[in-house]
1. Please work out if residue 272 is in a helix (DSSP H, G or I), more than 18 Å from residue 41 (Cβ to Cβ), modelled with pLDDT of 95 or more and in contact with a helix residue (DSSP H, G or I) (Cβ under 7 Å, 6 or more places away or on another chain).
2. Mind checking whether some residue in region 342-353 is modelled with pLDDT of 95 or more, within 28 Å of residue 147 (Cα to Cα) and crowded, with 16+ Cβ neighbours inside 10 Å?
3. Kindly evaluate residue 146 against the criterion of being closer than 23 Å to residue 88 by Cα and either modelled with pLDDT of 95 or more or over 22 Å from the mean Cα position of the chain (by Cα) (or both).
4. Restricting to region 268-293, name every residue that is under 30 Å from residue 177 (Cβ atoms) and free of Cβ contacts under 8 Å to residues at least 12 places away in the same chain.
5. Restricting to region 30-51, name every residue that is without any contact (Cβ under 8 Å) to a residue 60 or more places away in the chain and either surrounded by 21 or more Cβ atoms within 10 Å (Cβ to Cβ) or not in a loop (DSSP other than H, G, I, E, B) (or both).
6. If I ask for residues that are in contact (Cβ under 8 Å) with a residue 24 or more places away in the chain, surrounded by fewer than 19 Cβ atoms within 10 Å (Cβ to Cβ) and touching a helix residue (DSSP H, G or I) at 6+ places or on another chain (Cβ under 9 Å), which ones from region 94-114 would you list?
7. Does residue 88 meet the test of being part of a helix (DSSP H, G or I) and either at pLDDT below 95 or touching a helix residue (DSSP H, G or I) at 6+ places or on another chain (Cβ under 9 Å) (or both)?
């Protein structure tokens, strides 16, 4: 199926944000998404992934039947699981090598470097069983679960969208105790990215992709009101994220805005963050779509889109590069702004190059379908 260039560009931007956000001393991280909204690249990436699942499912089911679509996403879940295991091993080995060279880093937990050498088989086994999810790669465990259940859940969503939405909301409301009951390495129990909470954002994306042709005409007839509401939510989100930079007065106003909505928890997908990303998605898809299409045609837009099309490979690469960039920025200590900017630019260029090589590897089919 034909690709939407600006969606690939947004996926690439999300990956760049994830990479830069995981480099504590990075200079360019001040321009990532979380600086301008109450949500961050994680919400953007999960929503876009769900949207692509909806797009691809509808296309595959129409052409080849539901069974083919179900098998496709089972295979995709297996690929994500394999990427989690391989990525976890590479992450630990990279950390071990950096420590051996005397290059300290804080982007990931240092114990992984010890476990991969001292307990290699138990380390790999805990990764494979999802008992442990190394930080920076932990969102992949969420994808394994959501995609593994997609052959059952997506047909339910397509057949009974209102009932499915009610059930998804109920799971989200009970997400914290349900996640805590899951056996896991964490003292708190459960996964860091709470699957009972984040499923609501993922399936909201699936519904957007699957039902967009059915519902968009009706929504566009009320575009003025919806855009005004979405803009208001987005401005509030921007105020929460950015007003503190404007001095004591701005910080006081930001504190009032935060206190008005209460505790905003990322890991169980807080309602404030959910509302903010849904509002932003409307602005992106409707009033801002022409501008984003123009941006996707620029050199920078095409470069970001290439990274976005790299999918799992680009995600694992961005995680590994964030650890390497973190180590380069920390050693020797006291790096100035210019050096940190150069390291940031180097990691971005390296991610683009790796994505380019991956997308142009020998044997890859010239025309690839959109991947969820």
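1. On the way: in a helix (DSSP H, G or I): yes; more than 18 Å from residue 41 (Cβ to Cβ): no; modelled with pLDDT of 95 or more: yes; in contact with a helix residue (DSSP H, G or I) (Cβ under 7 Å, 6 or more places away or on another chain): yes.
When the stated conditions are applied, residue 272 does not pass them.
2. Yes: region 342-353 contains one or more residues that are modelled with pLDDT of 95 or more, within 28 Å of residue 147 (Cα to Cα) and crowded, with 16+ Cβ neighbours inside 10 Å.
3. When the stated conditions are applied, residue 146 passes them.
4. Answer for region 268-293, where residues must be under 30 Å from residue 177 (Cβ atoms) and free of Cβ contacts under 8 Å to residues at least 12 places away in the same chain: 270, 271.
5. Scanning region 30-51 gives 30, 31, 33, 41.
6. 103, 104, 106, 109 - these are the residues of region 94-114 that are in contact (Cβ under 8 Å) with a residue 24 or more places away in the chain, surrounded by fewer than 19 Cβ atoms within 10 Å (Cβ to Cβ) and touching a helix residue (DSSP H, G or I) at 6+ places or on another chain (Cβ under 9 Å).
7. On the way: part of a helix (DSSP H, G or I): yes; either at pLDDT below 95 or touching a helix residue (DSSP H, G or I) at 6+ places or on another chain (Cβ under 9 Å) (or both): yes.
Yes, satisfied.
Matching residues to (1) at pLDDT below 95; (2) crowded, with 22+ Cβ neighbours inside 10 Å; (3) touching a helix residue (DSSP H, G or I) at 6+ places or on another chain (Cβ under 9 Å):
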position	(1), (2), (3)
116	no, no, yes
121	no, no, no
136	yes, yes, yes
164	no, no, yes
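The values are calculated or read from the model by the stated rules, or taken from the named source; none is laboratory data. Owing to the predicted nature of the structure, the values given are computational and were not obtained by experimental measurement. Positions of Cβ are generated from backbone atoms using ideal geometry, with glycine treated the same way; all protein chains shown enter the neighbour counts.
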